[in-house]
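Here's the structure we're looking at; comments come further down.
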Amino acid sequence: MTKNNIVENLRKEIENFKADTKAEKIGHVVEVFDGIAKVSGLSDIKASEMVTFANGVEGVALNLEEDSVGVIVLGDFSKIREGDEVKATGKILEVPVSDLQIGRVLNALGMPIDGKGAVKTDKTNPVERVASGVMSRQSVDQPVQTGIKAIDALIPIGRGQRELIIGDRQTGKTAIAIDAILNQKGQNMICVYVSIGQKDSKLRKIETRLAEGGAMEYTIIVSAGSSEPSAMSYIAPYTGVAIAEHFMDAGKDVLIIYDDLSKHAVAYREISLLLRRPPGREAYPGDVFYLHSRLLERACRKNKDYGGGSITALPIIETQAGDISAYIPTNVISITDGQIFLETDLFYKGVRPAVNVGFSVSRVGGSAQIKGMKKVAGTLKLDLAQFRELEAFSQFGSDLDDATKRQLERGKRAVEMLKQPQYSPIVVEHQIITLYALVKGMIDEVPVEKIKEFEIGLVAYAENNAKTFLKDIRETKMWTDAGEAELKQAIGDYKAGFLS
Amino acid sequence: MSKISIQNIAQAIASHTAGKAGADLERANKDTIQFLSKKKLLGRSDEILDAVGKIIDKEDGVVRIKVLSAKSLDGHDKKEIEENIKHKYGAKEIVSEYLEDKDLLGGMKIIVGDEILDTTYRNKLDQLATHLINK
């Protein structure tokens, strides 16, 4: 832009600018500490209304008391002084929403922080919104393919479902979420990844990984870093879902990940204690259940009359020493439609993703699976449960009957087959091929240590030799007898070649 | 036991002293001071008296305004402002305070309780600055 242009643009902006003169409600800062300001005046202020401090920093009124208002400061509170003027804006906290936010990294207020310039938008969505009512909803029956065999086969997730990912630190919770995002390429899904209180280095790593996998083309990252005030961590998931609702209202499917809600609850506890709200169990305030229920209830599948969009939520909860009966984990387990439980022991045994199939459940179940997957996954969960039981039992003696031995061998192969490296999601039709071979006992003769090699080879072989079957699954998602016969033949042929 | 708010205390003091004069008022004031001393609230007496003042003003229909302007206002302007405020707030009486502040550049800023009407050039310039920064 030339100097003349700059002057010309400025002149135009100034000429078109109209100052807004209206009566405003004002208050004064009585005290300010740790990101909280107590403000006198501001009569008639609404709960969650935005206020502006003298230095331009914004805040949200959370506590409406008789003599004062408790405000959380959304920015640097060190420059706010006692006696400063505070203006009520008359607006409930809103964040900008736009299609242009796709591929960007935003802060908890929806402002870009990736250095790629401003996102120009006039539309805003309220951060707090009542979840869709019963009449606008539809039951969940479309799958979200995560590309992870253990999840797509055993704990299927549907569009509009809320599935909790729970486990100790370093068990691969974020890895599952990232894999699920990576697998949404070409699946007509917008992804929103909300990072709450995470290290900036971890977020950077995730962003780079998503960009490398081409996932930033359909992903928005909302971040409240660990160096930011806890008010930002408190707001971030609501901002994420407000953005997700923009796409859902336009009839699109959205996958939102909250990483993680344990830190969100801790941030809210901090704010609540500073606002002098009475502490309850584990010092969390009384409304910590409502904090998460009102957030997760906004995930839903709308019916056709309301655009047919959906928000699928994958909240993450970090447990301490595998204790899923702590306060926040039990709360979120009861709110969500199922959980994927990750275990440290399994992780160190080399079972990755370390999903404990026994403790994990999806309350939507088979209705969110395509027919082919439903067909092959039907008995897998039962097989695995029986295997775990027999495995423990078999440690006491070596004298086992043939049927038990067979079941143990099948179980070992199933565990091996469900192992999957990070960042390598598998498309559903390939998952079906390998799981079909497993549940039909067609790989019982393949040695356990060669299962991975067999699996890779089989998929490549089937691509050329089970074309009708693959075409049926890809195009119509249907399971036909002819297709099944072709697949069976291909598996048999490949196995014969592999074992010879 | 729940905490008694400043507003509650102010309300009680206003009711206790309402309609009293002479020796009765003196006794009521003494009671008030004794109560504040007993409750260790003398340190917050300014805050309480402000609240009592607001309650009495509200009962009497008195509205207090503060007008800040870059230049001093003439009698006609002042009268017009007071008439408008009287009309807007349904006040019986207006108690006004006029202050000069050259930093406002032009226009005026009227403060009524916790409501503010800012028509100053300073405010307009601030709004323009915010608008240009956000662009």
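Does residue A:41 satisfy the criteria of being in contact with a helix residue (DSSP H, G or I) (Cβ under 8 Å, 6 or more places away or on another chain), modelled with pLDDT under 90 and either exposed (fewer than 13 other Cβ atoms within 10 Å of the Cβ) or within 14 Å of another protein chain (Cβ to nearest Cβ) (or both)? It is false that residue A:41 is in contact with a helix residue (DSSP H, G or I) (Cβ under 8 Å, 6 or more places away or on another chain), modelled with pLDDT under 90 and either exposed (fewer than 13 other Cβ atoms within 10 Å of the Cβ) or within 14 Å of another protein chain (Cβ to nearest Cβ) (or both). Among the residues in region A:71-91, are any under 30 Å from residue B:119 (Cβ atoms), away from chain B (no Cβ under 14 Å), among the small types (Gly, Ala, Ser) and surrounded by 13 or more Cβ atoms within 10 Å (Cβ to Cβ)? Scanning region A:71-91, I find at least one residue that is under 30 Å from residue B:119 (Cβ atoms), away from chain B (no Cβ under 14 Å), among the small types (Gly, Ala, Ser) and surrounded by 13 or more Cβ atoms within 10 Å (Cβ to Cβ), so the answer is yes. Is it the case, given these coordinates, that residue B:4 is surrounded by 13 or more Cβ atoms within 10 Å (Cβ to Cβ), within 14 Å of chain A (Cβ to nearest Cβ), within 27 Å of residue A:40 (Cβ to Cβ) and over 15 Å from the mean Cα position of the chain (by Cα)? No, not satisfied. Only one entry in A:15, A:31, A:24 is part of a strand (DSSP E or B), within 14 Å of chain B (Cβ to nearest Cβ) and either touching a helix residue (DSSP H, G or I) at 6+ places or on another chain (Cβ under 8 Å) or surrounded by fewer than 14 Cβ atoms within 10 Å (Cβ to Cβ) (or both), namely A:31. Would you be able to say whether some residue in region B:52-59 is of a type in the set (D, E, K, R) and more than 14 Å from chain A (Cβ to nearest Cβ)? Taking every residue of region B:52-59 in turn, at least one turns out to be of a type in the set (D, E, K, R) and more than 14 Å from chain A (Cβ to nearest Cβ). Would you pick out the residues in region A:128-143 that are within 28 Å of residue A:47 (Cα to Cα) and in contact with a strand residue (DSSP E or B) (Cβ under 6 Å, 6 or more places away or on another chain)? Correct list: A:136 only. The set of residues in region A:255-285 being part of a loop (DSSP other than H, G, I, E, B) and more than 24 Å from residue A:314 (Cα to Cα) consists of A:275, A:276, A:277, A:278, A:280.
Selection over region A:44-64 of residues that are surrounded by 12 or more Cβ atoms within 10 Å (Cβ to Cβ) and within 11 Å of chain B (Cβ to nearest Cβ) gives a count of 4.
In region B:122-135, the residue that is surrounded by the most Cβ atoms within 10 Å (Cβ to Cβ) out of those that are in a helix (DSSP H, G or I), at the interface with another protein chain (Cβ under 9 Å from one of its Cβ atoms) and touching a helix residue (DSSP H, G or I) at 6+ places or on another chain (Cβ under 9 Å) is B:123. Among the helices (runs of 4 or more DSSP H) confined to region A:105-213, there are none with at least 1 residues that are more than 14 Å from the chain's Cα centre (by Cα), on the phi > 0 side of the Ramachandran plot and β-branched (Val, Ile, Thr). Of note, residue B:112 satisfies the criterion of being under 30 Å from residue B:29 (Cβ atoms) and within 11 Å of chain A (Cβ to nearest Cβ). Any residue in region A:37-59 that is among the basic types (Lys, Arg), part of a strand (DSSP E or B) and within 38 Å of the chain's Cα centre (by Cα)? Yes, some residue in region A:37-59 is among the basic types (Lys, Arg), part of a strand (DSSP E or B) and within 38 Å of the chain's Cα centre (by Cα). Before we move on, is residue A:3 surrounded by fewer than 16 Cβ atoms within 10 Å (Cβ to Cβ), away from every other protein chain (no Cβ under 12 Å) and either of a type outside the set (Val, Ile, Thr) or over 30 Å from residue B:9 (Cβ atoms) (or both)? Taking the combined requirement at face value, the residue satisfies it.
The values are calculated or read from the model by the stated rules, or taken from the named source; none is laboratory data. For clarity, every value in this text was computed on a predicted model and none was experimentally measured. Glycine also receives a Cβ, built like all others from the backbone with ideal geometry; neighbour counts cover every protein chain displayed.
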